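These notes are about the structure you will find just below.
The values are calculated or read from the model by the stated rules, or taken from the named source; none is laboratory data. These numbers come from a predicted model, not from an experiment. Cβ placement follows ideal geometry from the backbone for every residue including glycine, while neighbour counts extend to all protein chains displayed.
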């Protein structure tokens with residue numbers, strides 16, 4: 001293929017893929033299947049690899065990340081990103097309206113209202129229709145350019161397709177994690193026994209500043225735009241600017257409204273107070289702006305905020321009630337969570353008796369005393385939380401809460417690792433909630449998928465002494481199950497059939513089910529594919545574990561320790577005897593030659609004529625080995641397009657030979 005032919009194809013593919021991206025993320029439509037979309041993307045990646053000089057600035061291949069940024073450039077904002085003045089009071093909004101009327105000398109005006117999203121402010125710079133910078137708020141005067149991470153947001157146009165776009169303009173918005181994306185991220189944290197993230201806003205903020213844009217892409221950030229800036233925009237109202245950025249392909253939340261006066265504004269605020277909880281992201285108020293841009297300019301700014309805009313913040317529903325005590329819950333991984341036991345109080349439509357206290361640090365911050373009157377909020381949270389103490393009502397005789405030192409379930413001394421917020425019970429083999437939690441994890445849909453069992457049934461089986469470990473499930477008999485409350489012939493038959501059927505579940509799911517810390521579903525699949533069976537995995541050294549794909553030191557140590565534990569060895573032996581699948585169905589490719597015998601490879605980047613898995617198979621077929629990371633023992637780093645710079649830097653530092661696909665193909669022929 002000639003360069004001119006490639007240029008034409010790259011242009012066509014880029015336009016096609018951007019068109020389908022726009023349909024999916026802006027209009028919620030699809031004209032092709034996910035498979036067909038992926039095929040288009042793979043074809044584009046191949047052409048860009050062969051002709052890197054032809055890669056377009058708006059190439060959709062940038063959406064998948066791949067850039068490592070150790071230091072984000074600091075950039076001065078062309079237009080300062082000022083904060084808005086806040087109010088929680090309709091009366092203060094009317095005062096704001098009076099100041100506006102006075103500032104405009106009686107001239108007629110109207111307002112534009114938008115919901116205030118709970119995310120991270122971003123300023124996007126476009127030059128000749130191309131996205132060139134994504135700058136955080138910072139201190140309002142200067143922010144960080146996080147463009148590589150911003151480009152992973154699929155709802156943002158990398159290039160504006162519309163005609164008559166100014167040569168330069170700036171558009172501002174809010175980067176956020178949707179409720180769905182945030183919940184999925186926390187579920188993944190739970191699966192590997194890690195602490196979950198506190199809230200979507202802080203997680204989005206941290207994600208925007210991550211160094212590896214590949215990891216950012218996996219978190220599926222999103223963005224709503226709400227403000228257009230630039231001297232060439234030729235608009236007279238904020239409403240016109242919103243319509244313009246919508247027509248350019250930007251995602252704008254369809255919750256805005258033009259209001260003719262302050263009474264209309266108050267009606268808008270009232271209409272969204274409850275309805276906003278149904279939106280796919282968190283909101284905390286309403287932004288009210290003067291619609292006419294000339295009038296905005298006339299009203300001007302204070303040192304900190306514009307005089308033509310204000311944010312009305314919804315009050316998180318808050319009530320005061322007595323703290324009767326604190327109980328401590330122990331999770332599957334041994335993490336201890338304190339819970340406030342409250343005098344029942346009505347809040348946000350429900351009677352609240354308990355509220356989260358998070359950890360020992362939070363109890364200390366609040367300076368809690370049992371018997372205190374505390375303020376409890378629900379806001380956008382499902383679980384109520386204690387926000388402060390009503391010190392005016394504190395009885396001087398009350399004593400501060402002293403965090404427990406022993407597990408409330410088994411009495412074991414708690415541990416708290418340096419740098420961690422949570423206390424843990426280390427008695428994982430004898431602590432009842434940890435035992436039941438591991439069994440619940442074992443039977444989960446992504447694990448052994450025994451849907452005839454549930455939390456309540458597991459608790460009964462445990463309390464009757466019938467099931468203390470997952471292996472005990474395979475010793476259950478009909479007469480055992482019939483002892484359970486509510487179980488008759490049919491339900492007993494279903495439970496036993498579910499247990500029996502789980503013996504057909506593949507090895508990678510079994511490996512996930514047994515609950516090795518830090519081994520989530522994906523890691524289990526990698527380990528099963530690499531070691532092929534439980535024995536190979538169980539006898540692997542730390543060094544051998546590190547050679548498996550995507551296995552780092554923390555996971556390797558956890559797996560190694562798990563299989564050195566005598567009780568775990570006994571449990572695996574029982575599960576083997578029960579007939580579970582402990583061997584991968586993946587078949588090793590038949591050996592074709594010894595040309596790569598004794599040689600080890602790490603394969604990184606994108607290749608025109610090969611999938612990465614194909615190259616791995618070729619290495620194995622020809623006697624070579626695949627390692628997961630660059631180390632001093634690695635022979636070759638096979639480098640494709642868009643390879644992460646950190647791998648190259650490490651290989652060069654360690655003296656590992658870096659080769660391209662051409663040299664690799666020569667090795668196969670020699």
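Filter the stretch 19-73 for residues that are assigned to a loop (DSSP other than H, G, I, E, B), modelled with pLDDT of 75 or more and more than 21 Å from residue 148 (Cα to Cα) and give the result.
31, 32, 51
Quick check: is even one residue across the stretch 639-655 touching a helix residue (DSSP H, G or I) at 6+ places or on another chain (Cβ under 9 Å), free of Cβ contacts under 8 Å to residues at least 24 places away in the same chain and either outside the structural domain of residue 530 (by TED's automatic domain parsing) or not in a helix (DSSP H, G or I) (or both)? Talk me through it step by step, then tell me what you get.
First, pick out the residues of the stretch 639-655 that are touching a helix residue (DSSP H, G or I) at 6+ places or on another chain (Cβ under 9 Å): 639-642, 644.
Now drop any that are not free of Cβ contacts under 8 Å to residues at least 24 places away in the same chain, which leaves none.
Scanning the stretch 639-655, I find no residue that is touching a helix residue (DSSP H, G or I) at 6+ places or on another chain (Cβ under 9 Å), free of Cβ contacts under 8 Å to residues at least 24 places away in the same chain and either outside the structural domain of residue 530 (by TED's automatic domain parsing) or not in a helix (DSSP H, G or I) (or both), so the answer is no.
Can you find even one residue in the stretch 538-545 that is surrounded by 14 or more Cβ atoms within 10 Å (Cβ to Cβ) and assigned to a loop (DSSP other than H, G, I, E, B)?
yes
Limited to the stretch 360-400, what total is found for residues that are closer than 22 Å to residue 331 by Cα and in contact with a helix residue (DSSP H, G or I) (Cβ under 7 Å, 6 or more places away or on another chain)?
The total comes to 1.
Could you please let me know if residue 384 is touching a residue at least 40 places away in the same chain (Cβ under 8 Å) and touching a strand residue (DSSP E or B) at 6+ places or on another chain (Cβ under 6 Å)?
Working: touching a residue at least 40 places away in the same chain (Cβ under 8 Å): no; touching a strand residue (DSSP E or B) at 6+ places or on another chain (Cβ under 6 Å): yes.
Spelling it out, it is not the case that residue 384 is touching a residue at least 40 places away in the same chain (Cβ under 8 Å) and touching a strand residue (DSSP E or B) at 6+ places or on another chain (Cβ under 6 Å).
For the stretch 295-304, what are the residues that are buried (at least 16 other Cβ atoms within 10 Å of the Cβ) and within 37 Å of the chain's Cα centre (by Cα)?
The answer is none; no residue qualifies.
If we keep just the residues of the stretch 305-330 that are closer than 30 Å to residue 513 by Cα and crowded, with 17+ Cβ neighbours inside 10 Å, which is nearest to the chain's Cα centre (by Cα)? Don't jump to the end; show me each part of the working.
Applying the first criterion (closer than 30 Å to residue 513 by Cα) to the stretch 305-330 yields 327-330.
Next cut, crowded, with 17+ Cβ neighbours inside 10 Å only: 328, 330.
Working: 328: 27, 330: 24 Å.
Residue satisfying both the conditions and the ranking: 330.
Take the conditions modelled with pLDDT of 95 or more, under 30 Å from the mean Cα position of the chain (by Cα) and within 18 Å of residue 529 (Cα to Cα) and apply them to residue 559. Does it pass?
Values: modelled with pLDDT of 95 or more: yes; under 30 Å from the mean Cα position of the chain (by Cα): yes; within 18 Å of residue 529 (Cα to Cα): yes.
The answer is yes for residue 559.
Name the residue that is farthest from residue 205 (Cα to Cα), counting only residues in the stretch 83-108 that are part of a loop (DSSP other than H, G, I, E, B) and touching a strand residue (DSSP E or B) at 6+ places or on another chain (Cβ under 6 Å).
At the first step, the residues of the stretch 83-108 found to be part of a loop (DSSP other than H, G, I, E, B) are 83-85, 88-89, 104-108.
Imposing the further condition that a residue be touching a strand residue (DSSP E or B) at 6+ places or on another chain (Cβ under 6 Å) reduces the set to 84-85, 88.
Numbers: 84: 19, 85: 22, 88: 25 Å.
Across the stretch 83-108, the extreme among qualifying residues is 88.
Could you figure out which of (1) modelled with pLDDT under 90; (2) in the same structural domain as residue 347 (by TED's automatic domain parsing); (3) more than 30 Å from residue 284 (Cα to Cα) isn't true of residue 420?
All conditions pass for residue 420, except number (3).
Only one of 577, 566, 599 is in contact with a strand residue (DSSP E or B) (Cβ under 7 Å, 6 or more places away or on another chain) and surrounded by fewer than 17 Cβ atoms within 10 Å (Cβ to Cβ). Can you tell me which?
On the way: 577 fails: in contact with a strand residue (DSSP E or B) (Cβ under 7 Å, 6 or more places away or on another chain); 566 fails: in contact with a strand residue (DSSP E or B) (Cβ under 7 Å, 6 or more places away or on another chain).
Going through 577, 566, 599 in turn, just one is in contact with a strand residue (DSSP E or B) (Cβ under 7 Å, 6 or more places away or on another chain) and surrounded by fewer than 17 Cβ atoms within 10 Å (Cβ to Cβ): 599.
Restricting attention to the stretch 197-220, does a residue exist that is over 30 Å from residue 444 (Cβ atoms), touching a residue at least 24 places away in the same chain (Cβ under 8 Å) and assigned to a loop (DSSP other than H, G, I, E, B)?
Yes; the residues of the stretch 197-220 include at least one that is over 30 Å from residue 444 (Cβ atoms), touching a residue at least 24 places away in the same chain (Cβ under 8 Å) and assigned to a loop (DSSP other than H, G, I, E, B).
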